[in-house]
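First the structure, in the form of structure tokens, and then the observations on it.
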2 protein chains.
Amino acid sequence: MATDAMSPKITVELLRQLRQAMKNSKYITEPIQAYIIPSGDAHQSEYIAPCDCRREFICGFNGSAGTAIVTEQHAALWTDGRYFLQASQQMDNNWTLMKMGLKETPSQEDWLISVLPENSKVGVDPWIIAADQWKNMSKALSSAGHSLVAVQDNLIDAIWEDRPARPSTKLIALGLKYTGLTWQDKITALRGKMAERKISWFVVTALDEIAWLFNLRGSDIEYNPVFFTYAIISIRNIRLFVDSKRLLDPVVREHLELDSPSKPELTIQCFPYESVYTELQAVCAALAHKDKMWICDKASCALTQVIPKAHRSAIPYTPLCLAKAVKNPTEIQGMKMAHIKDAVALCELFAWLEKEIPKGTVTEISAADKAEELRSQQKDFVGLSFPTISSVGPNGAIIHYRPLPETNRTLSLNEVYLIDSGAQYLDGTTDVTRTVHFGTPSDYEKECFTYVLKGHIAVSAAVFPNGTKGHLLDSFARAALWDSGLDYLHGTGHGVGCFLNVHEGPCGISYKTFADEPLEAGMIVSDEPGYYEDGSFGIRIENVVLVIPAKTKYNYRNRGSLTFEPLTLVPIQLKMINTDLLTQKERDWVNDYHKKCRETVGAELERQGRKEALDWLIRETQPIV
Amino acid sequence: MATDAMSPKITVELLRQLRQAMKNSKYITEPIQAYIIPSGDAHQSEYIAPCDCRREFICGFNGSAGTAIVTEQHAALWTDGRYFLQASQQMDNNWTLMKMGLKETPSQEDWLISVLPENSKVGVDPWIIAADQWKNMSKALSSAGHSLVAVQDNLIDAIWEDRPARPSTKLIALGLKYTGLTWQDKITALRGKMAERKISWFVVTALDEIAWLFNLRGSDIEYNPVFFTYAIISIRNIRLFVDSKRLLDPVVREHLELDSPSKPELTIQCFPYESVYTELQAVCAALAHKDKMWICDKASCALTQVIPKAHRSAIPYTPLCLAKAVKNPTEIQGMKMAHIKDAVALCELFAWLEKEIPKGTVTEISAADKAEELRSQQKDFVGLSFPTISSVGPNGAIIHYRPLPETNRTLSLNEVYLIDSGAQYLDGTTDVTRTVHFGTPSDYEKECFTYVLKGHIAVSAAVFPNGTKGHLLDSFARAALWDSGLDYLHGTGHGVGCFLNVHEGPCGISYKTFADEPLEAGMIVSDEPGYYEDGSFGIRIENVVLVIPAKTKYNYRNRGSLTFEPLTLVPIQLKMINTDLLTQKERDWVNDYHKKCRETVGAELERQGRKEALDWLIRETQPIV
């Protein structure tokens, strides 16, 4: 696919057409002087379906985060440190790359104000901008004499000739064995929280929240087992908006009790996906004086503005987001099983790579394909959880690299290899990064790897009070790098769903403190510090870890303490470690971790009769002395 | 003074009077159902003059932070972890203590909503509530059907019979030798920043910002060398609002060039302090269409609302706040000198305490008095920078304790002694805490002390990239405590002024991330982790530290690195350290620090001929092996 390429997309003609549309009375009443193209879909999803890849269509950059803005004279794209290199390679010179996080980079608002003529109108599709972003942007523009206007017809769709259709894939109903809780129990718990806060309605727009709530999965968006839907829940009613064809499946009908509801308040009323706007209008028209309606402030501006201000209670994250983040015992057990299976596949992969690489035939793409093949042999495998980052040497420094035929390098004995990959299984979601060398790493590569490992361990072994927010742990991951003047330009960890999105809120481990909820036992996050030397190599060590209670010598104010248990059980390459740089405590951590990998994954490899991988595992988990 | 006592203030009659005033048409058009009494003055100062101690007057609690709210039925006070014990001791049972930071504690807004009858009016004096707090409170109350109303007559003043007068002390003009920059140069630099952001006016309300800008000091507020004033600066004009009597002093007139201004745009127009409101109204009435006016969002609601929204540019901290935070070479040199003199006084104090304590005659109060006496012998001493915290045994666990006759304990060989004290010198401000034992500390006391020391060192020796915000360093101070299940309920550090307020913004080291600006070379903050065992002892180790460039092995993206240089040079008691718990790096830090104390302070002790203190210093700075 041309837009996937690392060569720039030619956008002269597209920009000309878009600028015409910005003045075309067919779409807008008055011409607009700028048009904002956000990254997400109407659900503010991070990963999106092809029909929603509007920002990629207009500028060529296909990373997971970024906003494009086109004015009559300029075209600019804002993205973060993970994507600087990739964006600069994918965009032609009609585009200016705005590197977010650098001091000299203007915000979108400041930039617009600096380039726009007086009294300008800035347009945006209200369905794909979040309400809080709309508010901030609108305020900033107004203060400078401009205005933000909602353009109902999406102008990218207007010029996108062969835009793909919105997917409507088969739904999977998950039983108690996987979910631990019925959707009816989840609805009841949710209503309890609504009653506690005197909320009578709740508009749910995040796809993973609805999938989790109803114990349903889909495959509308690649890698994310979700489906296009909305829900409006009240104390007595449940309205589900989804393509009606999907509800013909008898298994789904049975699961949702569509034909024989057990109780009136657990009866699901189904509506077409597209009717959410008019149905919400109808609900709002009938609200009682004191009725309050929850909606996330990250929901679309279009839906948010349907709710009259007096009834709207905008929240930074929803109770479903938090409930979903704290995994129940069944989900935790499932995640553990998924990670053992995933480790089996990776042990096989590394054993295979060791044998094959000297032949000179393994490439980034073929290694990624092999990883997928080995994972697919495991029980309850559904698909990958994100595009595999399989990168050799300088490609490893592109943080969210994805190998393509044009960029594909051959694995060798001379360069560092970084593979960040994961899968969806019916019982859980995985996400693991290992950085390895199949020959002899340089002292500098080992030194950097060891700093990253020290950071990984510092987070993984951290003990912290109940109620601590993840951002307070971020610096632990960086201290060893900082000491030597090094750093990495991404957060240290993200929440991970259970057979759901590999990135989920509301907790994480990042220097960004936005909407960061306290860590609780049962939450699952990644721990993935890195170091990237542009043009040379990339290093990242990532485990998925479970928040668990910690035993401590004392217990200040009876608050209790937490720590992490690694769920990922794949050896960390000893060859890459300069053990002189480790403290005794860090050496003990590595040895304990490898012992656990050997015992747990070893037993499963034995059970599956995968002898070569078992030998590899045993060799790679020898204790450091 | 009765309100200073640790026995509760009897408030039955005062609350009755206040509740009457809340219904009295003399003060308000319609009765209010609740009245908020914030902690600050019209400048949102942390330390306040006696005439502004309204919250203390109504409830008895005299800590530096806290908000009282009185309704028809209830009276409640919100304060933070530093003050839980003190507030509970100073308030009678008409008051409910709301412990901020605990999960179960409602916010002021939530509490008001839960106790108020429908459609209530909540009153507050708009001069002593910050604009941003007004906005949040008003929004929350409106959303629940109530309203926040500005009560122009302060209801506490209305019932406060012998309220003291507002002070108007002599002004001190500081020359270049102390400030490094003339006020004219500071005005010019400020105007440069205003021009950069297209701002034509700036309303300055923070007392320390105006004192810094004009190189003037006063003593209107105890411990803080500031004076009651406002300023309104434009590209061409300077309006200074200050009691006109103070400007009769010829030195001040000369300093401000009041009688012979060098340039028209550096001519200061003087107005009475009280006329700021009407003068600002006049300025606003004459604003041109595009004129923008800066005001800090922490300025009073009263003044903020004078500025029409279209002209108002509310900023979270002002350019003066930031300029003041980055000390120039003259200020840095002054701060270093002040800390050496301060260390001389403290070495003498500790040598004296060692001799006197066995006699059983030294108390918390007499030790504090001795510290002040010794400091006052040093050159350019002006006064203390905050009330000395001199606390023995269980009193040490009251984080902002101040010894009073009723609570005064005798120093002994059996209990831990914590002294947190500092002074104002013409060349700088100091703030230092040492925790010592004059007999034999218990293993547990030593263990806790050593964890706190490890935290202190972790911050002080931290290396971090340019642009890092202080909150990202806070966890370094806690990691050793957390590991053992311990913690402390206050931030790790605050900005320190140069012969100005001992607490200043916009940077600090705290788990609170609010308005936290990146650390830069030249900034000065405190590093003061602690541990407090209620009813038993308190530990805190505090140095004032200067942000300096760090030399690192590598330099990622040429960002440069920073670290800290301790300005405080007072030995840390070796007897309290369990050296087995220190790493070699930590032992080296202690030895290097003590070597510097010995060399730098030793030379000054020698110069001043203070032999006993020198002997003490030499003994206390022996290296750990």
Task: Residue count for region B:399-413, restricted to those that are touching a Phe, Trp or Tyr at 6+ places or on another chain (Cβ under 9 Å), open to solvent by 20 Å² or more (accessible area, probe 1.4 Å) and more than 20 Å from B:H494 (Cα to Cα) - done: 3
Task: Criterion violated by B:C507 - all others in (1) surrounded by 24 or more Cβ atoms within 10 Å (Cβ to Cβ); (2) more than 30 Å from B:Y444 (Cα to Cα); (3) modelled with pLDDT of 95 or more satisfied - done: (3)
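Pick from region B:446-495 the residues that are in a strand (DSSP E or B) and away from every other protein chain (no Cβ under 13 Å): which of them is most open to solvent (accessible area, probe 1.4 Å)? I'd like the intermediate steps shown before the answer.
Our first condition is that a residue be in a strand (DSSP E or B); within region B:446-495, this holds for B:464-465, B:469, B:493-495.
From what's left, away from every other protein chain (no Cβ under 13 Å): B:493-495.
Numbers: B:G493: 14, B:H494: 32, B:G495: 1 Å².
Once the filter is applied, the top-ranked residue is B:H494.
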Task: Residues of region A:184-198 satisfying the condition of being among the hydrophobic types (A, V, I, L, M, F, W, C) and open to solvent by 10 Å² or more (accessible area, probe 1.4 Å) - done: A:A189, A:A195
TODO: Quick one: B:K575 ticks every box in (1) on the phi > 0 side of the Ramachandran plot; (2) open to solvent by 70 Å² or more (accessible area, probe 1.4 Å); (3) touching a strand residue (DSSP E or B) at 6+ places or on another chain (Cβ under 8 Å) except a single one, so which number is it?
DONE: (1)
Open item on the list: Just the residues that are in contact with a Cys (Cβ under 9 Å, 6 or more places away or on another chain) and either in a helix (DSSP H, G or I) or among the acidic types (D, E) (or both), please, taken from region A:139-173.
Closed with: A:D157
TODO: For region A:273-281, indicate whether the set of residues that are touching a residue at least 60 places away in the same chain (Cβ under 8 Å), open to solvent by less than 10 Å² (accessible area, probe 1.4 Å) and either in contact with a helix residue (DSSP H, G or I) (Cβ under 6 Å, 6 or more places away or on another chain) or closer than 27 Å to B:A144 by Cβ (or both) is non-empty.
DONE: yes
Open item on the list: Can you tell me how many residues within region A:442-468 are modelled with pLDDT of 95 or more and touching a Pro at 6+ places or on another chain (Cβ under 7 Å)?
Closed with: 5
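Just for region A:293-311: of the residues that are open to solvent by 30 Å² or more (accessible area, probe 1.4 Å) and modelled with pLDDT of 95 or more, which one is farthest from A:E504 (Cα to Cα)?
Filtering region A:293-311 for residues open to solvent by 30 Å² or more (accessible area, probe 1.4 Å) gives A:297-298, A:305, A:308-310.
Those left that are additionally modelled with pLDDT of 95 or more: A:305, A:308.
Values: A:Q305: 25, A:P308: 29 Å.
Step by step, filter region A:293-311, then rank; the result is A:P308.
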Task: Qualifying positions in region A:382-398 - open to solvent by less than 20 Å² (accessible area, probe 1.4 Å), in contact with a strand residue (DSSP E or B) (Cβ under 6 Å, 6 or more places away or on another chain) and either of a type in the set (A, V, I, L, M, F, W, C) or modelled with pLDDT under 95 (or both) - done: A:I389, A:V392, A:A397
TODO: Might you let me know whether region B:292-305 holds any residue that is over 27 Å from A:A140 (Cβ atoms), in a helix (DSSP H, G or I) and touching a residue at least 40 places away in the same chain (Cβ under 8 Å)?
DONE: no
Open item on the list: Considering only region A:497-504, I want to know if a residue exists there that is open to solvent by 10 Å² or more (accessible area, probe 1.4 Å) and closer than 30 Å to A:Y556 by Cα.
Closed with: no
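Run down B:S142, B:S168 and say which single residue is touching a residue at least 24 places away in the same chain (Cβ under 8 Å), of a type outside the set (D, E) and open to solvent by 40 Å² or more (accessible area, probe 1.4 Å).
Only one candidate qualifies: B:S168.
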Open item on the list: Taking the criterion of being touching a residue at least 60 places away in the same chain (Cβ under 8 Å) and β-branched (V, I, T), would at least one residue in region A:358-380 satisfy it?
Closed with: no
Task: Hey, B:T71 within 19 Å of the chain's Cα centre (by Cα) and open to solvent by less than 10 Å² (accessible area, probe 1.4 Å) or not - done: no
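Restrict the check to region A:536-556 and report whether at least one residue is at pLDDT below 95 and open to solvent by 10 Å² or more (accessible area, probe 1.4 Å).
Applying the first criterion (at pLDDT below 95) to region A:536-556 yields none.
No, the conditions are met nowhere in region A:536-556.
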- [ ] Return a yes/no flag: does region A:535-550 have any residue that is among the acidic types (D, E) and within 14 Å of another protein chain (Cβ to nearest Cβ).
- [x] no
Open item on the list: Looking for something among the aliphatic types (A, V, I, L, M) and assigned to a loop (DSSP other than H, G, I, E, B) - is there at least one such residue anywhere in region A:331-343?
Closed with: no
Open item on the list: Go through (1) assigned to a loop (DSSP other than H, G, I, E, B); (2) in contact (Cβ under 8 Å) with a residue 24 or more places away in the chain; (3) closer than 25 Å to B:L14 by Cβ for B:G123 and report which single condition fails.
Closed with: (1)
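With the condition kept exactly as written, say whether any residue in region A:46-53 is open to solvent by less than 20 Å² (accessible area, probe 1.4 Å), assigned to a loop (DSSP other than H, G, I, E, B) and not small (G, A, S).
Start the filter on region A:46-53 by keeping residues that are open to solvent by less than 20 Å² (accessible area, probe 1.4 Å), which leaves A:49, A:51-52.
Now narrow it down to the ones that are assigned to a loop (DSSP other than H, G, I, E, B): A:49.
Next, from what is left, pick out any that are not small (G, A, S): none.
For region A:46-53, residues open to solvent by less than 20 Å² (accessible area, probe 1.4 Å), assigned to a loop (DSSP other than H, G, I, E, B) and not small (G, A, S): absent.
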Task: Every residue from region B:426-444 that is closer than 30 Å to B:S219 by Cβ, in contact with a strand residue (DSSP E or B) (Cβ under 6 Å, 6 or more places away or on another chain) and of a type in the set (S, T, N, Q) - done: B:T430, B:T433
Task: Unique residue being farther than 24 Å from A:Q86 by Cβ and surrounded by 19 or more Cβ atoms within 10 Å (Cβ to Cβ) when the list is A:Q424, A:Q377 - done: A:Q424
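Give A:A371, A:A351 a once-over and let me know the one that is over 30 Å from A:A130 (Cβ atoms), touching a helix residue (DSSP H, G or I) at 6+ places or on another chain (Cβ under 8 Å) and open to solvent by 10 Å² or more (accessible area, probe 1.4 Å).
Details: A:A371 fails: open to solvent by 10 Å² or more (accessible area, probe 1.4 Å).
Sole residue among the options that is over 30 Å from A:A130 (Cβ atoms), touching a helix residue (DSSP H, G or I) at 6+ places or on another chain (Cβ under 8 Å) and open to solvent by 10 Å² or more (accessible area, probe 1.4 Å): A:A351.
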TODO: Go through the residues of region A:225-247 one by one and say whether even a single one is open to solvent by 10 Å² or more (accessible area, probe 1.4 Å) and under 18 Å from A:I128 (Cα atoms).
DONE: no
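Name the residue that is farthest from B:R402 (Cα to Cα), counting only residues in region B:81-108 that are within 14 Å of another protein chain (Cβ to nearest Cβ) and open to solvent by less than 40 Å² (accessible area, probe 1.4 Å).
It comes out as B:T105.
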Open item on the list: Any residue at all in region B:330-347 that's touching a residue at least 40 places away in the same chain (Cβ under 8 Å), surrounded by fewer than 22 Cβ atoms within 10 Å (Cβ to Cβ) and over 30 Å from B:D431 (Cβ atoms)?
Closed with: no
TODO: Please work out which residue is nearest to B:S313 (Cα to Cα), limiting yourself to region B:235-292 and to residues that are more than 29 Å from the chain's Cα centre (by Cα) and of a type in the set (S, T, Y).
DONE: B:T278
Open item on the list: Whether any residue in region B:12-33 is open to solvent by less than 60 Å² (accessible area, probe 1.4 Å) and closer than 30 Å to A:R557 by Cα is what I want to check.
Closed with: no
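From the list B:D443, B:D420, B:D427, B:D431, exactly one residue is among the acidic types (D, E) and within 14 Å of another protein chain (Cβ to nearest Cβ). Which is it? I'd like the intermediate steps shown before the answer.
Values: B:D420 fails: within 14 Å of another protein chain (Cβ to nearest Cβ); B:D427 fails: within 14 Å of another protein chain (Cβ to nearest Cβ); B:D431 fails: within 14 Å of another protein chain (Cβ to nearest Cβ).
Only one candidate qualifies: B:D443.
The values are calculated or read from the model by the stated rules, or taken from the named source; none is laboratory data. None of the values given here were measured: they were computed from a predicted structure. Virtual Cβ from ideal backbone geometry, glycine too; neighbours counted across all protein chains shown. In case anyone asks, the SASA skips ligands and DNA or RNA and just uses the protein heavy atoms, side chains included. Shrake-Rupley method; radii C 1.70, N 1.55, O 1.52, S 1.80 Å.
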